[in-house]
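Notes follow once the structure below has been shown.
The values are calculated or read from the model by the stated rules, or taken from the named source; none is laboratory data. Treat the numbers as computed from the prediction; the structure is a model and nothing was measured. Note that each Cβ is placed from the backbone with ideal geometry, even for glycine, and that neighbours are counted across all protein chains shown. Surface accessibility is based on the protein's heavy atoms, side chains included, excluding ligands, DNA and RNA. Shrake-Rupley method; radii C 1.70, N 1.55, O 1.52, S 1.80 Å.
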Amino acid sequence: MKPQKTKAPVISEKSTRIVILIPCLNEIQSIGKVIRDFKQALPEAEIIVFDNGSDDGTPQMAEKSGARVLTERRRGKGYVIQSMFQRVEADVYVMVDGDDTYPADRVRALIDPVIKDEADMVIGSRMSNLSRSQFNFLNRVGNVFFLQLINLIFHTHLTDILSGYRAMNQRIVRGLPLFEKGFAIEAELTMKSLERGYRLAEIPVNLKTRAEGSHSKIRILSDGMRILTTILALFRDYKPLTFFGSIGLFFILLGLIPGLRAVIGYWQTGLVQYFPSAILAVGLVLTGLLSITAGLILHTIDRRFNELEHFIQVVRARPHDR
Ligand SMILES: Nc1nc2c(ncn2[C@@H]2O[C@H](COP(=O)(O)OP(=O)(O)O)[C@@H](O)[C@H]2O)c(=O)[nH]1
Ligand SMILES: [Mg+2]
């Protein structure tokens, strides 16, 4: 659904409230440097660390380095990002990991298209042709797989959908309903932005390896599965006709195999020889038709929901209109 474009005022440099939001869980080795680097790269921005029950002194180090520290009790990067969007008021939101793997010196290039109102979200892409990123092998394979999946679903040409380095304007931060609790939050953020027609842009960044002694919190297999199920669930919810339609088509094509066998048998002998094949064929084709029907019904409901969401956006944008 294309949200009613309420022309946001061009944000002038001077009055722009920019915040750097850093989700952190036990990042004592790197958080001090991250805060210093961003203070240097973007002195006019406020830096807020969202801590999630670190027990290694991260919040104290963050405060000592000049950041504001807020706490989110529910464990999980997704909960923290949701909390950031709900609790912080600003014009430009930058989110960056606290493990010093993203380059602070690219932050101006990241926020520029947002400030010029050329994009609603700018993603710091670790996998563009111009990026020289240090990924561990499994992480890169997972990222490329999920990237291809989302580009296939939305016919887009993004180069990185799971990057933790992004700049966003208030419209997208206020306009997106986010529910993911863990590392699938970036996939949800990207897919829901694409589905709602927000303007996405990318700039190349080089991902660095973590500081000595600091460890990634991601569990490749379980978080990877979580990201995959999230992508498939959002595909089902936002593209029901494509999702259930392709499943339906698959079953109908599958039913053709035993079906043809039964039909050819009947043709040749005038008798229904292959009963099991005939029954299997009917079963498969009916399942296919059922799935397509479900897709059509959900597609219709989805369109009406889009209209509802459109009016909610309009009312929110112009609450006093009668
Ligand atoms: N507050 C909070 N931050 C988290 C949590 N899990 C990860 N993070 C932070 O999210 C960022 C990315 O996590 P990381 O482990 O580096 O994942 P990776 O970059 O995908 O390997 C880091 O700054 C982590 O400290 C969590 O449960 N709560
Ligand atoms: Mg990391």
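Please determine, by comparing only the residues of the stretch 102-153 that are without any contact (Cβ under 8 Å) to a residue 24 or more places away in the chain and among the polar types (S, T, N, Q), which one is farthest from GLU186 (Cα to Cα).
That would be ASN136.
Which condition number in (1) of a type outside the set (Ser, Thr, Tyr); (2) free of Cβ contacts under 8 Å to residues at least 12 places away in the same chain; (3) open to solvent by less than 60 Å² (accessible area, probe 1.4 Å) is the one that ILE252 fails?
Looking at each condition in turn, ILE252 falls short on (2).
Output the residue which, of all residues in the stretch 1-40 that are more than 14 Å from ligand 2 (Cβ to nearest atom) and of a type in the set (Gly, Ala, Ser), is modelled with the highest pLDDT.
GLY32
Given the criteria out of contact with any Cys (no Cβ under 9 Å at 6 or more places or on another chain) and in the same structural domain as LEU162 (by TED's automatic domain parsing), does ILE218 qualify?
So ILE218 passes the test.
So which strands (runs of 3 or more DSSP E) are wholly in the stretch 46-159 and hold at least 2 residues that are in the same structural domain as MET225 (by TED's automatic domain parsing) and open to solvent by 60 Å² or more (accessible area, probe 1.4 Å)?
Output list reads 68-71.
Could we say that THR58 is among the β-branched types (Val, Ile, Thr) and either more than 9 Å from ligand 1 (Cβ to nearest atom) or touching a helix residue (DSSP H, G or I) at 6+ places or on another chain (Cβ under 6 Å) (or both) here?
So THR58 fits the description; yes.
Among the residues of the stretch 206-221, write down those that are away from ligand 1 (no atom under 13 Å from the Cβ), within 17 Å of LEU162 (Cβ to Cβ) and part of a loop (DSSP other than H, G, I, E, B).
ASN206
Kindly establish whether LEU232 is assigned by TED's automatic domain parsing to the domain that holds LEU284 and either open to solvent by 60 Å² or more (accessible area, probe 1.4 Å) or among the hydroxyl-bearing types (Ser, Thr, Tyr) (or both).
No.
Among (1) within 16 Å of ligand 2 (Cβ to nearest atom); (2) under 30 Å from ARG316 (Cα atoms), there is one condition GLU202 misses while meeting the rest; what is its number?
Against the list (1) within 16 Å of ligand 2 (Cβ to nearest atom); (2) under 30 Å from ARG316 (Cα atoms), GLU202 comes up short only on (1).
Could you tell me which numbered condition LEU176 fails, if it satisfies all but one of (1) of a type in the set (A, V, I, L, M, F, W, C); (2) open to solvent by 20 Å² or more (accessible area, probe 1.4 Å); (3) closer than 30 Å to ARG108 by Cβ?
(2)
For GLY265, indicate whether it is at positive phi and modelled with pLDDT under 90.
So GLY265 fails the test.
Pairs under 6 Å by beta carbon, first residue of a type in the set (D, E, K, R) in the stretch 155-172, partner within 16 Å of ligand 2 (Cβ to nearest atom) and part of a loop (DSSP other than H, G, I, E, B), six or more apart or different chains?
As it stands, the answer is ASP160/ARG126; ASP160/MET127, since those pairs meet every condition given.
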